[in-house]
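Heads up, the thing below is written out as structure tokens.
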Amino acid sequence: MKIALIAHDGKKADMVHFLSGFKDILHQADVKLVATGTTGSHIQKAGFEVQRLLSGPIGGDAQIAAMAAQKELNMVIFFRDPLDKHPHEPDVQMLMRICDVHNIPLATNPASAELMFKALTQA
């Protein structure tokens, strides 16, 4: 199982906090994590093993979208900040569209991500 993780700047701490609550489940389910660059560095500092890609604004979102299009991902967790402007918004929209086209589960907030992670224990 491979899960992609992305968080806008205002949501990176939320991502780390969220993952910390599911550390055991991630380990038991043998989940591999992949993340955009800066999000990945925060996740690494919290003690998780994660494959880091480029930062979102310089191509990381597109790299994750390519992985989704090639069916290399089982789910995407993208904690978006809907109240802030993002210069790479077209990449964000492309990623979301690719997930929909290829039927990749996508959570954009902690509540939906929690439901998806809880399903890992039932798999």
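Of all accessible surface on the stretch 26-123 at a 1.4 Å probe, what whole percent is carbon and sulfur? Please report the intermediate quantities before stating the final value.
On the way: 2840 of 5460 Å².
Carbon plus sulfur share of accessible area: 52 percent.
From the list [x] 105; [y] 119; [z] 90, can you say which value of volume of the Cα convex hull per residue in Å³ was derived from the structure given?
Evaluating volume of the Cα convex hull per residue in Å³ on these atoms matches [z].
May I have the count of lysine pairs in the chain with C-alpha atoms under 25 Å apart, counting pairs 8 or more residues apart or located on different chains?
26
Rounded to the nearest 20 debye, what is the charge dipole size of the chain about its Cα centre when +1 sits on each Lys and Arg Cβ and -1 on each Asp and Glu Cβ? Display every interim value, and only then the final one.
Numbers: 12 positive and 13 negative charges, 32 e Å.
The calculated dipole for the chain is roughly 160 debye.
Shape call for the stretch 78-117 from the C-alpha gyration tensor, a ≥ b ≥ c root eigenvalues: rounded (a/c under 1.5), prolate (a/b greater than b/c) or oblate?
Details: a/c = 4.01, a/b = 1.20, b/c = 3.33.
Taking the square roots of the gyration eigenvalues as a ≥ b ≥ c, the stretch 78-117 is oblate.
Per residue, how large is the accessible surface of the chain? Use a 1.4 angstrom probe and give square angstrom.
Values: 6610 Å² over 123 residues.
Result: 54 Å² per residue.
Can you pull the one-decimal nm distance between simple spin-label points at Lys85 and Gln122, each 7 Å off the Cα toward Cβ?
4.2 nm
Only Cα pairs under 8 Å and at least 6 apart count here; give the relative contact order of the chain as a rounded whole percent.
Numbers: 183 pairs, mean separation 37.2, N = 123.
Over the chain, the number comes to 30 percent.
Take the alpha carbon gyration tensor of the stretch 31-76, find the square roots of its eigenvalues, order them as a ≥ b ≥ c, and report rounded if a/c is under 1.5; if not, report prolate when a/b exceeds b/c, else oblate.
Details: a/c = 3.18, a/b = 1.30, b/c = 2.45.
Oblate, because a/c is 1.5 or more while a/b does not exceed b/c.
Taking 0.36 nm per residue of sequence separation and subtracting the Cα-Cα distance, how much length would be gained by fully extending the chain between Ser41 and Gln70, in nm to one decimal? Let's see the in-between values first.
On the way: separation 29, 0.36 × 29 = 10.44 nm, distance 2.47 nm.
This chain segment gains 8.0 nm when fully extended.
The values are calculated or read from the model by the stated rules, or taken from the named source; none is laboratory data. Model, not experiment: these values are computed from the prediction. Glycine gets a Cβ as well: all are built from the backbone with ideal geometry, and neighbour counts include every protein chain shown. Calculation scope for accessible area: heavy atoms of the full protein, side chains included, ligands and nucleic acids excluded. Shrake-Rupley method; radii C 1.70, N 1.55, O 1.52, S 1.80 Å.
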